[in-house]
Amino acid sequence: MSSFKAVLIRQPEAGEATSVGFETLEDADLMEGDVTVRVERSTVNYKDGLAITGKAPVVRRFPMVPGVDGAGMVEQSASPLFKVGDRVLLNGWGVGETHLGAYAERARWKSDWLLPLPAGFSPDEAMAIGTAGYTAMLAVMALERHDIHAGAGPVLVTGAAGGVGSIAVALLAGLGYHVVASTGRAEEAGYLKDLGAAEVIERASLAGPPKPLAKERFIGAIDAVGGPTLANVLSMIRYGGAVAACGMAGGLDLPGSVAPFILRGVALYGIDSVYAPKSVRLAAWERLDRDLDRVKLASAMRRIPFDDVIDAARDIIEGKVRGRLVVEIG
Ligand code: NDP
């Protein structure tokens, strides 16, 4: 196969609106890398939605194939790390932003970016987890390092019916935490309880003007929303607790107060999945293999055909996607 199908984002001139559609590319269009991969599965993350809608400037090279996550089979390798036929996994590293991404039947990536597909996961399961789920795991690990263990008190997850949120709820519940899930979609309360949430709260209760300090409710939180939600969450963390901040679905700003930090010793951990070192990724995927309930993962996942990926990317920005989507590329 020298020509292959891909989603391409184009920008006619710098600063102009972008366009997106399916195109046929040639091998010569691929960028540098020592491993060529036949992409089998991808997924739709919030960032893919930002790239495809052009709502935020995540794409920094045009034309661009979006898709920050991929799972597939090695077709060619100049690296001693991988051989033809190996199954590999890619999350982040600027793929879909500065280097051609996974919404293509073929991709060429750097071997340093690839992990062997973890033995415990099929390509579908690895993409049902994807960057969103691996980020949820990094956030759980940050809370654990702060000694927030199951039984320490309620832990809040915001944006709970989304990708990061769904996997965070399933992981925390599986580890025995009392999980409070915040959602703007009341109709998803049953879904969140099935994932293991002990309580489901209305996201509006975290969206008002933040007070410097509010009633101490949670020992920890995983926040996928940012903005006033994160400021409110911080104000509600119990003495000595912590928040792992990983998202901005509700805004990039942080309109809060230092009061939770200096009066309650609250900690705020930043979570970045894109450039996390390989050792951290391997540890996170090992933990996912050990701690993520596969039945819950299946309940949070829906498969879509490659042809539907552009519409799905628009839907995720509108908050219409529940859990995780797996894109069947090839
Ligand atoms: P999703 O769209 O699947 O989930 C986001 C959820 O946030 C929505 O489902 C919704 O949950 C809630 N939400 C959406 N808009 C708003 C709003 N305006 N106000 C309050 N809540 C809102 O996205 P992902 O789970 O894939 O990603 C979540 C966030 O995490 C994104 O900002 C993404 O960029 C970020 N991210 C960061 C990573 C990192 O490395 N730091 C890696 C992966 C993701 P509900 O309907 O339940 O209220």
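The values are calculated or read from the model by the stated rules, or taken from the named source; none is laboratory data. Note that the structure is predicted; figures quoted are calculated from it, not measured. Because the Cβ atoms are built from the backbone with ideal geometry, glycine has one as well, and the counts that use them run over all protein chains shown. Accessible surface areas use protein heavy atoms only, side chains included; no ligands, DNA or RNA. Shrake-Rupley method; radii C 1.70, N 1.55, O 1.52, S 1.80 Å.
The table below gives the values:
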{"quantity": "Candidate set: segment 294-318, residues that are among the charged types (D, E, K, R) and away from the ligand (no atom under 14 Å from the Cβ); chosen: the one least open to solvent (accessible area, probe 1.4 Å)", "calculated": "296"}
{"quantity": "Pair list, Cβ under 7 Å, 6 or more apart: segment 37-66 residue open to solvent by 40 Å² or more (accessible area, probe 1.4 Å), other residue part of a loop (DSSP other than H, G, I, E, B) and hydrophobic (A, V, I, L, M, F, W, C)", "calculated": "41/329; 46/249; 47/58; 47/68; 54/17"}
{"quantity": "Test: residue in segment 17-24 that is open to solvent by 10 Å² or more (accessible area, probe 1.4 Å), free of Cβ contacts under 8 Å to residues at least 40 places away in the same chain and not polar (S, T, N, Q)", "calculated": "yes"}
{"quantity": "Residue match in segment 74-86 (condition: hydrophobic (A, V, I, L, M, F, W, C), buried (at least 24 other Cβ atoms within 10 Å of the Cβ) and at pLDDT 95 or above)", "calculated": "no"}
{"quantity": "Options 321, 326, 274, 258: the member that is of a type outside the set (Ser, Thr, Tyr) and more than 16 Å from the ligand (Cβ to nearest atom)", "calculated": "258"}
{"quantity": "Output for segment 109-129, where each listed residue is in contact (Cβ under 8 Å) with a residue 40 or more places away in the chain, under 16 Å from residue 293 (Cβ atoms) and in a loop (DSSP other than H, G, I, E, B)", "calculated": "118, 120, 121"}
{"quantity": "Matching residues in segment 268-320 - criterion: being aliphatic (A, V, I, L, M) and free of Cβ contacts under 8 Å to residues at least 12 places away in the same chain", "calculated": "295"}
{"quantity": "Some residue of segment 147-159 being open to solvent by 10 Å² or more (accessible area, probe 1.4 Å) and within 12 Å of the ligand (Cβ to nearest atom)", "calculated": "yes"}
{"quantity": "Unique match (being polar (S, T, N, Q), part of a strand (DSSP E or B) and surrounded by 21 or more Cβ atoms within 10 Å (Cβ to Cβ)) among 182, 166", "calculated": "182"}
{"quantity": "Matching residues in segment 235-255 - criterion: being of a type outside the set (Gly, Ala, Ser), open to solvent by less than 40 Å² (accessible area, probe 1.4 Å) and within 16 Å of the ligand (Cβ to nearest atom)", "calculated": "236, 243, 246"}
{"quantity": "Residue count, segment 194-234 (criterion: part of a helix (DSSP H, G or I) and open to solvent by less than 40 Å² (accessible area, probe 1.4 Å))", "calculated": "9"}
{"quantity": "Selected residue (only one of 215, 193 is over 20 Å from residue 298 (Cα atoms) and either within 12 Å of the ligand (Cβ to nearest atom) or not acidic (Asp, Glu) (or both))", "calculated": "215"}
{"quantity": "Residue 188, sole failed condition from (1) more than 10 Å from the ligand (Cβ to nearest atom); (2) farther than 27 Å from residue 274 by Cα; (3) out of contact with any helix residue (DSSP H, G or I) (no Cβ under 6 Å at 6 or more places or on another chain); (4) not in a loop (DSSP other than H, G, I, E, B)", "calculated": "(1)"}
{"quantity": "Selection status of residue 176, within 13 Å of the ligand (Cβ to nearest atom), over 19 Å from the mean Cα position of the chain (by Cα), surrounded by fewer than 20 Cβ atoms within 10 Å (Cβ to Cβ) and in contact (Cβ under 8 Å) with a residue 12 or more places away in the chain", "calculated": "no"}
{"quantity": "Residue selected from segment 92-134 under the condition β-branched (Val, Ile, Thr) and open to solvent by less than 10 Å² (accessible area, probe 1.4 Å), by the criterion nearest to residue 65 (Cα to Cα)", "calculated": "95"}
{"quantity": "Every pair of residues 6+ apart whose Cβ atoms lie under 9 Å, when the first sits in segment 201-212 and is touching a residue at least 24 places away in the same chain (Cβ under 8 Å) and among the basic types (Lys, Arg) while the second is more than 9 Å from the ligand (Cβ to nearest atom) and outside any helix (DSSP H, G or I)", "calculated": "211/257"}
